[in-house]
Amino acid sequence: MSGLPVSLIQALREVVGEAGLIADVERMHSYLADWRNAYRGQAALVLRPASTEQVAAVVRLCAEAGVALVPQGGNTGLCGGSIPDDLGAQVVLSLTRLNRIREVDAANETITVEAGVILQRLQEAAAEAGRLFPLSLGAEGSCTVGGNLATNAGGTAVLRYGNMRELTLGLEVVLPDGRIWDGLRALRKDNTGYDLKQLFIGSEGTLGIITAAVLKLFPAVRSLTTAWVALPSPRAAVELIGQMRGLCGDRLTGFELMSRQSLEFVLHHVSGVSDPFADAHPWYVLIELSDTQPDAPLNDMLEQGLGEAFERGVALDAVVAASEVQVRALWALREGISEAQNHEGPSLKHDISVPISRIPDFIARTDQALQQAFPGVRIVAYGHVGDGNLHYNVSKPLGAEDAAFKAQSEAIMQVIFDVTVNFAGSISAEHGLGQAKRDAARHYKDPLELELMRSIKRAFDPAGLMNPGKLL
Ligand code: FAD
Ligand code: S2G
Ligand code: ZN
(Lines give C-alpha, C1' and ligand atoms only; values in the text may rest on other atoms or scores of the structure.)
(Ligands and ions follow the chains in the order given, each with its own letter.)
Protein backbone atom coordinates (compact mmCIF):
# COMPACT_ATOMS: atom_id res chain seq x y z
CA MET A 1 0.00 0.00 0.00
CA SER A 2 1.30 3.52 -0.74
CA GLY A 3 3.19 5.41 1.97
CA LEU A 4 1.04 8.50 1.39
CA PRO A 5 -1.01 10.02 4.24
CA VAL A 6 -4.56 8.61 4.24
CA SER A 7 -5.93 12.16 4.26
CA LEU A 8 -4.09 12.92 1.01
CA ILE A 9 -5.32 9.74 -0.66
CA GLN A 10 -8.86 10.58 0.42
CA ALA A 11 -8.59 14.15 -0.92
CA LEU A 12 -7.16 12.85 -4.23
CA ARG A 13 -9.95 10.28 -4.51
CA GLU A 14 -12.53 13.06 -4.05
CA VAL A 15 -10.94 14.92 -6.96
CA VAL A 16 -10.55 12.12 -9.53
CA GLY A 17 -13.19 9.64 -8.34
CA GLU A 18 -12.82 5.88 -8.03
CA ALA A 19 -12.18 5.52 -11.80
CA GLY A 20 -9.29 7.95 -11.60
CA LEU A 21 -7.31 6.43 -8.73
CA ILE A 22 -5.28 3.20 -8.81
CA ALA A 23 -3.77 2.09 -5.51
CA ASP A 24 -3.62 -1.64 -6.19
CA VAL A 25 -0.08 -2.70 -7.18
CA GLU A 26 -1.36 -5.29 -9.65
CA ARG A 27 -3.48 -2.74 -11.52
CA MET A 28 -0.59 -0.26 -11.55
CA HIS A 29 1.65 -2.69 -13.42
CA SER A 30 1.33 -1.34 -16.97
CA TYR A 31 2.08 2.21 -15.78
CA LEU A 32 5.35 1.21 -14.10
CA ALA A 33 7.42 -0.11 -17.03
CA ASP A 34 8.11 1.22 -20.52
CA TRP A 35 7.05 -0.67 -23.65
CA ARG A 36 10.45 -2.35 -23.99
CA ASN A 37 10.71 -3.21 -20.30
CA ALA A 38 13.99 -1.31 -20.29
CA TYR A 39 12.84 0.83 -17.34
CA ARG A 40 10.73 -0.24 -14.35
CA GLY A 41 9.72 1.67 -11.20
CA GLN A 42 7.33 1.71 -8.24
CA ALA A 43 4.58 4.25 -7.48
CA ALA A 44 2.58 5.27 -4.44
CA LEU A 45 -0.47 5.81 -6.66
CA VAL A 46 -1.51 6.12 -10.29
CA LEU A 47 -3.95 8.95 -10.91
CA ARG A 48 -6.05 9.36 -14.04
CA PRO A 49 -7.73 12.79 -13.89
CA ALA A 50 -10.49 13.42 -16.45
CA SER A 51 -10.18 17.21 -16.87
CA THR A 52 -7.71 20.09 -16.67
CA GLU A 53 -9.37 21.25 -13.43
CA GLN A 54 -8.86 17.79 -11.91
CA VAL A 55 -5.19 17.83 -12.99
CA ALA A 56 -4.81 21.24 -11.33
CA ALA A 57 -6.45 20.06 -8.09
CA VAL A 58 -4.22 16.94 -8.02
CA VAL A 59 -1.08 19.00 -8.62
CA ARG A 60 -2.05 21.46 -5.86
CA LEU A 61 -2.69 18.66 -3.34
CA CYS A 62 0.57 16.88 -4.19
CA ALA A 63 2.55 20.14 -4.12
CA GLU A 64 1.18 20.94 -0.63
CA ALA A 65 2.13 17.42 0.52
CA GLY A 66 5.56 17.55 -1.17
CA VAL A 67 4.74 14.50 -3.34
CA ALA A 68 6.52 14.21 -6.70
CA LEU A 69 4.55 13.63 -9.92
CA VAL A 70 5.53 11.65 -13.04
CA PRO A 71 3.37 12.72 -16.01
CA GLN A 72 2.57 9.88 -18.42
CA GLY A 73 0.88 9.75 -21.82
CA GLY A 74 1.02 6.63 -24.02
CA ASN A 75 4.18 5.36 -22.29
CA THR A 76 5.91 4.79 -25.65
CA GLY A 77 8.88 7.02 -24.79
CA LEU A 78 12.32 5.49 -25.31
CA CYS A 79 14.28 7.21 -22.52
CA GLY A 80 12.39 6.12 -19.40
CA GLY A 81 10.97 9.63 -18.98
CA SER A 82 7.48 8.47 -17.98
CA ILE A 83 8.55 5.80 -15.46
CA PRO A 84 8.76 6.56 -11.71
CA ASP A 85 11.85 5.73 -9.65
CA ASP A 86 11.92 2.56 -7.55
CA LEU A 87 11.30 4.18 -4.14
CA GLY A 88 7.51 3.94 -4.41
CA ALA A 89 6.86 7.50 -3.16
CA GLN A 90 6.06 9.15 -6.51
CA VAL A 91 2.63 9.47 -8.11
CA VAL A 92 2.18 8.63 -11.79
CA LEU A 93 -0.24 11.11 -13.36
CA SER A 94 -1.69 9.58 -16.52
CA LEU A 95 -3.22 12.07 -18.98
CA THR A 96 -4.99 9.41 -21.06
CA ARG A 97 -8.48 10.43 -19.85
CA LEU A 98 -8.01 13.98 -21.15
CA ASN A 99 -8.96 12.77 -24.61
CA ARG A 100 -11.33 15.31 -26.13
CA ILE A 101 -10.87 17.11 -29.40
CA ARG A 102 -12.08 20.50 -28.28
CA GLU A 103 -12.31 22.38 -31.58
CA VAL A 104 -11.45 22.12 -35.28
CA ASP A 105 -11.19 25.47 -37.08
CA ALA A 106 -10.68 24.46 -40.71
CA ALA A 107 -10.61 28.07 -41.97
CA ASN A 108 -7.88 28.96 -39.45
CA GLU A 109 -6.23 25.59 -40.14
CA THR A 110 -5.99 24.77 -36.43
CA ILE A 111 -7.23 22.02 -34.13
CA THR A 112 -7.45 22.22 -30.33
CA VAL A 113 -6.92 18.87 -28.61
CA GLU A 114 -6.39 17.59 -25.09
CA ALA A 115 -3.10 16.00 -24.08
CA GLY A 116 -4.41 12.44 -23.83
CA VAL A 117 -5.59 12.27 -27.46
CA ILE A 118 -3.79 9.46 -29.30
CA LEU A 119 -1.78 10.77 -32.29
CA GLN A 120 -3.58 8.48 -34.74
CA ARG A 121 -6.97 9.85 -33.60
CA LEU A 122 -5.69 13.39 -34.12
CA GLN A 123 -4.59 12.47 -37.66
CA GLU A 124 -8.07 11.01 -38.31
CA ALA A 125 -9.85 14.09 -36.94
CA ALA A 126 -7.78 16.31 -39.25
CA ALA A 127 -8.65 14.07 -42.24
CA GLU A 128 -12.36 14.21 -41.33
CA ALA A 129 -12.05 18.01 -41.59
CA GLY A 130 -10.38 17.65 -45.01
CA ARG A 131 -7.01 18.61 -43.59
CA LEU A 132 -3.70 16.97 -42.64
CA PHE A 133 -2.00 16.79 -39.25
CA PRO A 134 1.44 15.66 -40.47
CA LEU A 135 3.27 14.32 -37.40
CA SER A 136 3.80 10.61 -38.08
CA LEU A 137 5.85 8.04 -36.18
CA GLY A 138 5.91 4.31 -35.53
CA ALA A 139 4.14 4.65 -32.15
CA GLU A 140 1.27 6.80 -33.47
CA GLY A 141 -1.30 4.17 -32.51
CA SER A 142 -0.57 4.65 -28.81
CA CYS A 143 1.48 7.81 -28.20
CA THR A 144 -0.40 10.90 -27.05
CA VAL A 145 -0.31 14.56 -28.07
CA GLY A 146 0.95 15.47 -24.58
CA GLY A 147 3.85 13.07 -24.90
CA ASN A 148 4.56 14.27 -28.43
CA LEU A 149 4.75 17.85 -27.08
CA ALA A 150 6.74 16.98 -23.99
CA THR A 151 9.36 15.16 -26.09
CA ASN A 152 9.13 17.52 -29.10
CA ALA A 153 8.55 14.40 -31.20
CA GLY A 154 9.84 14.16 -34.77
CA GLY A 155 9.11 11.13 -36.95
CA THR A 156 9.12 10.64 -40.70
CA ALA A 157 7.62 13.91 -42.03
CA VAL A 158 9.87 16.43 -40.24
CA LEU A 159 11.83 17.22 -43.43
CA ARG A 160 8.62 18.74 -44.88
CA TYR A 161 6.50 19.86 -41.88
CA GLY A 162 8.90 20.16 -38.93
CA ASN A 163 8.72 18.50 -35.51
CA MET A 164 6.09 19.04 -32.81
CA ARG A 165 7.63 22.40 -31.88
CA GLU A 166 6.93 23.78 -35.36
CA LEU A 167 3.40 22.34 -35.40
CA THR A 168 2.23 24.05 -32.19
CA LEU A 169 0.56 27.46 -31.78
CA GLY A 170 -0.73 27.37 -28.21
CA LEU A 171 -0.64 25.32 -24.99
CA GLU A 172 -2.66 24.87 -21.83
CA VAL A 173 -0.39 23.87 -18.96
CA VAL A 174 -0.93 23.09 -15.26
CA LEU A 175 2.04 24.66 -13.51
CA PRO A 176 3.86 22.95 -10.62
CA ASP A 177 1.90 25.08 -8.11
CA GLY A 178 -1.43 23.98 -9.59
CA ARG A 179 -2.27 27.16 -11.49
CA ILE A 180 -3.62 26.69 -15.01
CA TRP A 181 -1.86 28.66 -17.74
CA ASP A 182 -4.29 29.14 -20.63
CA GLY A 183 -2.00 29.84 -23.58
CA LEU A 184 -4.39 28.26 -26.09
CA ARG A 185 -3.99 31.00 -28.66
CA ALA A 186 -4.62 30.05 -32.31
CA LEU A 187 -2.41 32.81 -33.71
CA ARG A 188 0.49 32.44 -36.11
CA LYS A 189 1.79 35.82 -34.98
CA ASP A 190 1.94 36.84 -31.33
CA ASN A 191 5.00 38.90 -30.43
CA THR A 192 4.20 39.93 -26.84
CA GLY A 193 7.29 38.87 -24.92
CA TYR A 194 8.93 35.48 -24.31
CA ASP A 195 7.37 32.63 -26.28
CA LEU A 196 6.49 30.65 -23.14
CA LYS A 197 5.04 27.61 -24.94
CA GLN A 198 8.52 26.86 -26.29
CA LEU A 199 9.76 26.23 -22.75
CA PHE A 200 7.21 23.46 -22.18
CA ILE A 201 7.68 21.79 -25.57
CA GLY A 202 10.50 19.27 -25.07
CA SER A 203 10.52 19.77 -21.27
CA GLU A 204 9.61 16.11 -20.69
CA GLY A 205 7.22 16.82 -17.82
CA THR A 206 9.81 18.68 -15.74
CA LEU A 207 8.27 22.18 -15.92
CA GLY A 208 4.54 21.49 -15.84
CA ILE A 209 1.76 19.25 -17.16
CA ILE A 210 0.53 19.94 -20.68
CA THR A 211 -3.25 19.46 -20.73
CA ALA A 212 -4.20 20.81 -24.19
CA ALA A 213 -2.73 22.35 -27.33
CA VAL A 214 -3.64 24.33 -30.42
CA LEU A 215 -1.94 22.62 -33.36
CA LYS A 216 -1.53 23.58 -37.01
CA LEU A 217 -3.40 21.81 -39.78
CA PHE A 218 -2.23 21.59 -43.39
CA PRO A 219 -3.95 21.09 -46.74
CA ALA A 220 -4.77 17.43 -47.36
CA VAL A 221 -2.45 15.36 -49.54
CA ARG A 222 -4.19 14.30 -52.74
CA SER A 223 -1.41 12.59 -54.64
CA LEU A 224 1.45 10.46 -53.37
CA THR A 225 4.12 8.15 -54.72
CA THR A 226 6.54 5.93 -52.83
CA ALA A 227 9.75 4.19 -53.92
CA TRP A 228 12.21 1.76 -52.36
CA VAL A 229 15.76 2.32 -53.66
CA ALA A 230 18.93 0.27 -53.14
CA LEU A 231 22.10 2.31 -52.68
CA PRO A 232 25.83 1.51 -52.42
CA SER A 233 26.53 3.79 -49.43
CA PRO A 234 25.27 6.48 -47.03
CA ARG A 235 27.11 8.99 -49.22
CA ALA A 236 24.85 7.98 -52.11
CA ALA A 237 21.82 8.64 -49.85
CA VAL A 238 23.04 12.16 -49.07
CA GLU A 239 23.65 12.79 -52.77
CA LEU A 240 20.20 11.42 -53.65
CA ILE A 241 18.31 13.53 -51.12
CA GLY A 242 20.06 16.65 -52.39
CA GLN A 243 19.10 15.75 -55.94
CA MET A 244 15.47 14.93 -55.01
CA ARG A 245 15.12 18.12 -52.99
CA GLY A 246 16.38 20.13 -55.96
CA LEU A 247 13.97 18.36 -58.30
CA CYS A 248 10.84 18.12 -56.11
CA GLY A 249 11.20 20.83 -53.44
CA ASP A 250 8.56 20.52 -50.72
CA ARG A 251 6.96 17.58 -52.49
CA LEU A 252 9.66 15.41 -50.90
CA THR A 253 7.84 14.37 -47.71
CA GLY A 254 9.69 11.19 -46.74
CA PHE A 255 13.30 10.02 -47.04
CA GLU A 256 14.17 7.17 -44.67
CA LEU A 257 17.54 5.42 -44.73
CA MET A 258 18.15 1.87 -43.50
CA SER A 259 21.13 -0.49 -43.55
CA ARG A 260 21.09 -4.10 -44.76
CA GLN A 261 21.42 -5.22 -41.13
CA SER A 262 18.24 -3.28 -40.25
CA LEU A 263 16.38 -4.89 -43.16
CA GLU A 264 17.60 -8.38 -42.23
CA PHE A 265 16.23 -7.99 -38.69
CA VAL A 266 12.85 -6.99 -40.17
CA LEU A 267 12.79 -9.81 -42.75
CA HIS A 268 13.65 -12.23 -39.96
CA HIS A 269 11.19 -11.10 -37.29
CA VAL A 270 8.29 -9.23 -38.89
CA SER A 271 5.60 -11.36 -40.52
CA GLY A 272 4.09 -10.56 -43.89
CA VAL A 273 7.04 -8.59 -45.29
CA SER A 274 9.46 -9.48 -48.10
CA ASP A 275 12.62 -8.06 -49.67
CA PRO A 276 11.59 -5.97 -52.71
CA PHE A 277 14.78 -7.04 -54.52
CA ALA A 278 16.26 -10.44 -55.39
CA ASP A 279 19.77 -9.30 -54.44
CA ALA A 280 20.96 -7.98 -51.09
CA HIS A 281 22.29 -4.41 -51.09
CA PRO A 282 24.21 -2.53 -48.37
CA TRP A 283 21.79 0.41 -47.98
CA TYR A 284 18.22 1.37 -48.84
CA VAL A 285 16.09 4.50 -48.78
CA LEU A 286 12.34 4.79 -48.75
CA ILE A 287 11.37 7.92 -50.70
CA GLU A 288 7.92 9.51 -50.60
CA LEU A 289 6.65 12.41 -52.70
CA SER A 290 3.25 13.96 -52.04
CA ASP A 291 1.25 16.96 -53.19
CA THR A 292 -2.07 18.70 -52.56
CA GLN A 293 -2.83 18.57 -56.31
CA PRO A 294 -4.88 15.43 -57.20
CA ASP A 295 -2.88 14.54 -60.30
CA ALA A 296 0.54 16.12 -59.63
CA PRO A 297 3.22 14.58 -61.92
CA LEU A 298 4.97 12.87 -59.00
CA ASN A 299 5.79 9.64 -60.82
CA ASP A 300 7.42 11.59 -63.65
CA MET A 301 9.57 13.47 -61.10
CA LEU A 302 10.46 10.24 -59.36
CA GLU A 303 11.37 8.48 -62.64
CA GLN A 304 13.47 11.48 -63.68
CA GLY A 305 15.28 11.61 -60.33
CA LEU A 306 15.91 7.87 -60.23
CA GLY A 307 17.03 7.85 -63.86
CA GLU A 308 19.70 10.43 -63.08
CA ALA A 309 20.66 8.50 -59.93
CA PHE A 310 21.16 5.28 -61.92
CA GLU A 311 23.30 7.11 -64.47
CA ARG A 312 25.55 8.41 -61.70
CA GLY A 313 25.80 5.05 -59.93
CA VAL A 314 24.00 6.52 -56.91
CA ALA A 315 21.09 4.04 -57.21
CA LEU A 316 21.58 0.27 -57.71
CA ASP A 317 17.94 -0.82 -57.95
CA ALA A 318 14.51 0.75 -57.38
CA VAL A 319 10.86 -0.17 -57.17
CA VAL A 320 7.94 2.30 -57.24
CA ALA A 321 4.81 1.23 -55.34
CA ALA A 322 1.95 0.58 -57.79
CA SER A 323 -0.84 0.48 -55.19
CA GLU A 324 -1.81 1.58 -51.69
CA VAL A 325 -1.09 -1.98 -50.50
CA GLN A 326 2.45 -1.76 -51.88
CA VAL A 327 2.97 1.66 -50.27
CA ARG A 328 2.03 0.16 -46.90
CA ALA A 329 4.27 -2.88 -47.53
CA LEU A 330 7.28 -0.61 -48.10
CA TRP A 331 6.56 1.45 -44.96
CA ALA A 332 6.13 -1.80 -42.99
CA LEU A 333 9.78 -2.60 -43.81
CA ARG A 334 10.80 0.75 -42.33
CA GLU A 335 8.46 0.87 -39.34
CA GLY A 336 9.20 -2.73 -38.44
CA ILE A 337 12.78 -2.04 -37.38
CA SER A 338 11.91 -0.89 -33.86
CA GLU A 339 9.97 -4.03 -33.06
CA ALA A 340 12.41 -6.35 -34.87
CA GLN A 341 15.36 -5.15 -32.76
CA ASN A 342 13.66 -6.40 -29.60
CA HIS A 343 13.94 -9.99 -30.83
CA GLU A 344 17.73 -9.77 -31.01
CA GLY A 345 18.42 -9.06 -27.33
CA PRO A 346 19.00 -5.59 -25.82
CA SER A 347 18.84 -2.76 -28.36
CA LEU A 348 21.24 -0.02 -27.25
CA LYS A 349 19.55 3.01 -28.78
CA HIS A 350 21.36 6.16 -29.88
CA ASP A 351 19.05 8.72 -31.42
CA ILE A 352 21.68 11.15 -32.70
CA SER A 353 21.77 13.99 -35.22
CA VAL A 354 24.66 15.46 -37.19
CA PRO A 355 24.67 17.89 -40.13
CA ILE A 356 23.25 15.93 -43.13
CA SER A 357 26.56 16.32 -44.98
CA ARG A 358 28.37 14.56 -42.09
CA ILE A 359 26.17 11.43 -42.00
CA PRO A 360 28.49 9.31 -44.22
CA ASP A 361 31.62 10.17 -42.25
CA PHE A 362 29.81 9.68 -38.95
CA ILE A 363 28.72 6.17 -39.95
CA ALA A 364 32.16 5.23 -41.31
CA ARG A 365 34.00 6.58 -38.25
CA THR A 366 31.63 5.10 -35.66
CA ASP A 367 31.32 1.71 -37.34
CA GLN A 368 35.07 1.42 -37.40
CA ALA A 369 35.54 2.58 -33.78
CA LEU A 370 32.86 0.19 -32.49
CA GLN A 371 34.08 -2.87 -34.38
CA GLN A 372 37.60 -2.19 -33.11
CA ALA A 373 36.53 -1.87 -29.47
CA PHE A 374 33.63 -4.37 -29.46
CA PRO A 375 34.21 -6.90 -32.25
CA GLY A 376 31.07 -8.56 -33.57
CA VAL A 377 28.52 -5.99 -32.39
CA ARG A 378 25.69 -5.64 -34.91
CA ILE A 379 24.95 -2.06 -35.85
CA VAL A 380 21.36 -1.24 -36.77
CA ALA A 381 21.66 2.14 -38.48
CA TYR A 382 18.58 3.81 -39.93
CA GLY A 383 16.59 7.01 -39.74
CA HIS A 384 15.43 10.36 -40.95
CA VAL A 385 18.19 11.56 -43.31
CA GLY A 386 16.41 14.84 -44.08
CA ASP A 387 16.84 15.89 -40.43
CA GLY A 388 20.39 14.53 -40.08
CA ASN A 389 18.81 12.14 -37.54
CA LEU A 390 20.16 8.60 -37.32
CA HIS A 391 18.93 5.83 -35.05
CA TYR A 392 22.33 4.31 -34.59
CA ASN A 393 21.37 1.30 -32.48
CA VAL A 394 23.64 -1.54 -31.42
CA SER A 395 22.64 -5.19 -30.92
CA LYS A 396 24.81 -7.84 -29.28
CA PRO A 397 27.21 -10.04 -31.26
CA LEU A 398 25.62 -13.34 -32.30
CA GLY A 399 25.87 -15.79 -29.45
CA ALA A 400 26.79 -13.17 -26.83
CA GLU A 401 25.11 -13.07 -23.41
CA ASP A 402 22.59 -10.22 -22.87
CA ALA A 403 24.03 -9.29 -19.49
CA ALA A 404 27.65 -9.17 -20.72
CA PHE A 405 26.59 -7.03 -23.68
CA LYS A 406 24.50 -4.65 -21.53
CA ALA A 407 27.47 -4.22 -19.21
CA GLN A 408 29.24 -2.58 -22.16
CA SER A 409 26.41 -0.11 -22.86
CA GLU A 410 28.07 2.91 -21.20
CA ALA A 411 31.34 2.32 -23.07
CA ILE A 412 29.49 1.81 -26.36
CA MET A 413 27.42 4.95 -25.77
CA GLN A 414 30.57 6.94 -25.08
CA VAL A 415 32.19 5.89 -28.37
CA ILE A 416 29.07 6.91 -30.29
CA PHE A 417 28.46 10.18 -28.45
CA ASP A 418 32.15 11.20 -28.65
CA VAL A 419 32.02 10.91 -32.46
CA THR A 420 28.61 12.64 -32.54
CA VAL A 421 29.86 15.64 -30.58
CA ASN A 422 33.06 15.63 -32.61
CA PHE A 423 30.85 16.13 -35.69
CA ALA A 424 29.01 19.03 -33.96
CA GLY A 425 25.97 16.77 -33.51
CA SER A 426 23.38 16.16 -30.78
CA ILE A 427 23.19 13.16 -28.45
CA SER A 428 19.38 13.27 -28.63
CA ALA A 429 17.68 14.27 -31.89
CA GLU A 430 14.02 13.53 -31.16
CA HIS A 431 13.47 11.14 -28.20
CA GLY A 432 14.61 13.50 -25.45
CA LEU A 433 16.84 12.72 -22.47
CA GLY A 434 14.53 11.16 -19.85
CA GLN A 435 16.61 9.13 -17.41
CA ALA A 436 18.50 7.35 -20.22
CA LYS A 437 20.60 10.30 -21.31
CA ARG A 438 20.38 12.63 -18.30
CA ASP A 439 23.96 11.89 -17.19
CA ALA A 440 25.30 11.97 -20.76
CA ALA A 441 23.72 15.43 -21.19
CA ARG A 442 25.55 16.59 -18.05
CA HIS A 443 28.78 15.37 -19.63
CA TYR A 444 28.32 16.57 -23.19
CA LYS A 445 26.18 19.71 -22.96
CA ASP A 446 27.72 23.16 -22.61
CA PRO A 447 27.95 24.08 -18.86
CA LEU A 448 26.37 27.47 -19.51
CA GLU A 449 23.40 25.81 -21.22
CA LEU A 450 23.00 23.44 -18.26
CA GLU A 451 23.13 26.40 -15.86
CA LEU A 452 20.46 28.29 -17.82
CA MET A 453 18.26 25.17 -17.97
CA ARG A 454 18.61 24.71 -14.18
CA SER A 455 17.62 28.34 -13.56
CA ILE A 456 14.49 27.84 -15.67
CA LYS A 457 13.72 24.62 -13.75
CA ARG A 458 14.13 26.50 -10.43
CA ALA A 459 11.88 29.31 -11.62
CA PHE A 460 9.03 26.96 -12.56
CA ASP A 461 9.48 24.07 -10.13
CA PRO A 462 11.50 25.28 -7.10
CA ALA A 463 10.42 22.25 -5.04
CA GLY A 464 11.63 19.88 -7.79
CA LEU A 465 8.42 17.81 -7.72
CA MET A 466 7.86 17.67 -11.50
CA ASN A 467 9.30 14.42 -12.88
CA PRO A 468 12.42 14.47 -10.69
CA GLY A 469 15.54 12.79 -12.08
CA LYS A 470 14.53 13.27 -15.72
CA LEU A 471 16.30 15.48 -18.26
CA LEU A 472 18.41 17.46 -15.74
P1 FAD B 1 5.22 9.01 -22.68
O2 FAD B 1 6.17 7.94 -23.10
O3 FAD B 1 4.07 8.65 -21.83
O4 FAD B 1 6.04 10.21 -21.97
C5 FAD B 1 7.18 10.75 -22.63
C6 FAD B 1 7.70 11.93 -21.81
O7 FAD B 1 6.77 13.00 -21.84
C8 FAD B 1 7.92 11.61 -20.33
O9 FAD B 1 9.00 12.36 -19.84
C10 FAD B 1 6.62 12.08 -19.68
O11 FAD B 1 6.82 12.45 -18.32
C12 FAD B 1 6.29 13.29 -20.53
N13 FAD B 1 4.85 13.56 -20.68
C14 FAD B 1 3.93 12.75 -21.23
N15 FAD B 1 2.73 13.37 -21.29
C16 FAD B 1 2.92 14.62 -20.77
C17 FAD B 1 2.08 15.76 -20.55
N18 FAD B 1 0.80 15.75 -20.90
N19 FAD B 1 2.63 16.87 -19.98
C20 FAD B 1 3.94 16.89 -19.62
N21 FAD B 1 4.78 15.85 -19.79
C22 FAD B 1 4.27 14.74 -20.37
N23 FAD B 1 9.74 9.39 -31.21
C24 FAD B 1 10.07 10.32 -32.18
O25 FAD B 1 10.24 11.50 -31.86
N26 FAD B 1 10.18 9.96 -33.50
C27 FAD B 1 9.98 8.69 -33.93
O28 FAD B 1 10.12 8.40 -35.12
C29 FAD B 1 9.61 7.71 -32.96
N30 FAD B 1 9.35 6.43 -33.35
C31 FAD B 1 8.98 5.51 -32.40
C32 FAD B 1 8.67 4.21 -32.81
C33 FAD B 1 8.27 3.26 -31.87
C34 FAD B 1 7.90 1.88 -32.33
C35 FAD B 1 8.19 3.61 -30.48
C36 FAD B 1 7.76 2.63 -29.45
C37 FAD B 1 8.50 4.90 -30.06
C38 FAD B 1 8.90 5.85 -31.01
N39 FAD B 1 9.19 7.18 -30.63
C40 FAD B 1 9.53 8.11 -31.59
C41 FAD B 1 9.22 7.57 -29.19
C42 FAD B 1 7.87 7.99 -28.58
O43 FAD B 1 6.79 7.43 -29.32
C44 FAD B 1 7.73 9.51 -28.58
O45 FAD B 1 8.70 10.04 -27.71
C46 FAD B 1 6.33 9.99 -28.14
O47 FAD B 1 6.26 11.39 -28.34
C48 FAD B 1 6.02 9.68 -26.67
O49 FAD B 1 4.62 9.94 -26.47
P50 FAD B 1 3.87 9.22 -25.25
O51 FAD B 1 2.49 9.79 -25.16
O52 FAD B 1 4.03 7.76 -25.34
O53 FAD B 1 4.71 9.79 -23.98
C1 S2G C 1 12.08 5.46 -35.41
C2 S2G C 1 12.26 4.50 -33.11
C3 S2G C 1 13.23 4.22 -32.04
C4 S2G C 1 14.15 3.05 -32.17
O5 S2G C 1 11.63 4.35 -35.70
O6 S2G C 1 12.12 6.46 -36.15
O7 S2G C 1 12.46 6.91 -33.54
O8 S2G C 1 15.35 3.31 -32.29
C9 S2G C 1 12.70 5.60 -34.05
O10 S2G C 1 13.68 1.91 -32.10
ZN1 ZN D 1 12.75 8.27 -35.30
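Summary of computed values
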quantity: Globularity ratio of region 101-219, using Cα Rg and 2.2 N^0.38 Å; calculated: 0.98
quantity: Net charge over other residues, Cβ less than 11 angstrom from the Cβ of Ala68 (K, R count +1; D, E count -1); calculated: -1
quantity: Heavy-atom accessible area per residue - the chain, 1.4 Å, Å²; calculated: 42
quantity: Protection proxy ranking of 51-62, 314-325, 337-348 - average other beta-carbon atoms within 10 Å, highest first; calculated: 51-62, 337-348, 314-325
quantity: Surface share of carbon and sulfur [accessible, 1.4 angstrom probe, percent] for region 6-94; calculated: 52
quantity: Between 0 and 90°, nearest 10: helix 409-422 axis offset from the chain longest Cα axis; calculated: 70
quantity: Net charge of Cβ neighbours under 14 Å - reference Leu298; Lys, Arg +1; Asp, Glu -1; calculated: -3
quantity: For Ile180, net neighbour charge (Lys/Arg +1, Asp/Glu -1) across residues whose Cβ lies under 12 Å away; calculated: -2
quantity: Shape category assigned to region 48-177 from the gyration tensor of Cα positions, a/c cut at 1.5; calculated: prolate
quantity: Over region 92-163 - Rg/Rh using Cα atoms and the Kirkwood inverse-distance radius; calculated: 0.95
quantity: Shape call, region 318-437: gyration tensor on alpha carbons, a/c limit 1.5; calculated: oblate
quantity: Tilt relative to the chain, helix 324-341 - C-alpha long axis, 0 to 90 degrees, to 10; calculated: 60
quantity: C-alpha long axis of helix 298-311 to longest principal axis of the chain, angle in °; calculated: 60
quantity: Pairs beyond 24 Å (Cα-Cα), from Lys406/Lys470; Lys197/Lys457; Lys197/Lys349; Lys406/Lys457; calculated: Lys197/Lys349; Lys406/Lys457
quantity: Highest to lowest packing among 208-220, 436-448, 357-369, scored as the average C-beta count within 10 Å; calculated: 208-220, 357-369, 436-448
quantity: Largest to smallest accessible area among Tyr31, Tyr392, Tyr194 [probe 1.4 Å]; calculated: Tyr194, Tyr31, Tyr392
quantity: Protection proxy ranking, peptides 37-49, 267-279, average beta carbon neighbours within 10 Å, highest first; calculated: 37-49, 267-279
quantity: Semi-axis lengths (Å, descending) of the ellipsoid that matches the C-alpha gyration tensor of region 163-218; calculated: 18, 13, 10
quantity: Hull-based mean projected area of the chain, where the convex hull spans the alpha carbons, in square nanometres; calculated: 22.8
quantity: Separation of alpha-carbon centers, region 213-286 and region 110-180, rounded to whole Å; calculated: 23
quantity: Theoretical FRET efficiency, 1/(1+(r/R0)^6), r = Cβ-Cβ of Tyr194 and Gln372, R0 45 Å, to 0.05; calculated: 0.45
quantity: Mean shadow area of region 341-385, taken as a quarter of the surface of its Cα convex hull (nm²); calculated: 3.5
quantity: Cα point-scatterer Debye curve for region 6-94, base-10 log of I(q)/I(0) at q = 0.18, 0.23, 0.24, 0.26 Å⁻¹; calculated: -0.72, -1.15, -1.23, -1.39
quantity: Convex hull (Cα only) mean projected area of region 223-338, reported in nm² to one decimal; calculated: 6.9
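The values are calculated or read from the model by the stated rules, or taken from the named source; none is laboratory data. These numbers come from a predicted model, not from an experiment. Cβ atoms come from the backbone with ideal geometry, glycine included; neighbour counts cover every protein chain shown. Quick note on the areas: whole protein, heavy atoms, side chains included, nothing else; ligands and nucleic acids left out. Shrake-Rupley method; radii C 1.70, N 1.55, O 1.52, S 1.80 Å.
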